[in-house]
Amino acid sequence: MNVQKLVTTVAAIAAGFAANKLLAAGWKAATGHEPPTGDPDDGEISIGELVVFAAVSGAVVAFARAFATRGAAKWMASGDKPAIEKE
């Protein structure tokens, strides 16, 4: 079992989830309504707003996942390994 892969994967997933939640809250605070979902029946969202949200969302989630993956890899390389791998 490669513990480093497991730790970095869990960190990346958690960071992406947290970034998405923070972005949704920030979008609601900035615009006053829920973020776009891509639902074709949602006539209140303009195509421009949808494109801006998609670009910002993609960039924020990618940054958070990369940052978490690097941080987890650095932590694993530091020698402070989980109890599973110490044995």
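Looking at residue 58 and the list (1) over 30 Å from residue 5 (Cβ atoms); (2) modelled with pLDDT of 90 or more; (3) not aliphatic (A, V, I, L, M), which single condition is not satisfied?
Only one criterion is unmet by residue 58, namely (1).
Quick one: in region 9-34, of everything that is in contact with an Asp or Glu (Cβ under 9 Å, 6 or more places away or on another chain) and more than 29 Å from residue 73 (Cα to Cα), which residue is surrounded by the most Cβ atoms within 10 Å (Cβ to Cβ)?
It comes out as 27.
Tally the residues that are part of a loop (DSSP other than H, G, I, E, B) and either acidic (Asp, Glu) or touching a Phe, Trp or Tyr at 6+ places or on another chain (Cβ under 9 Å) (or both), restricting the search to region 39-66.
The number of residues fulfilling the criteria is 5.
Spot the failing condition for residue 53; the list is (1) touching a residue at least 40 places away in the same chain (Cβ under 8 Å); (2) farther than 26 Å from residue 3 by Cα; (3) among the aromatic types (Phe, Trp, Tyr), and only one is missed.
Unmet for residue 53, out of (1) touching a residue at least 40 places away in the same chain (Cβ under 8 Å); (2) farther than 26 Å from residue 3 by Cα; (3) among the aromatic types (Phe, Trp, Tyr): (1).
The values are calculated or read from the model by the stated rules, or taken from the named source; none is laboratory data. Remember, predicted model here, so these are calculated numbers, not experimental data. Methodologically, a virtual Cβ is constructed for each residue, glycine included, from the backbone with ideal geometry; neighbour enumeration extends over all protein chains shown.
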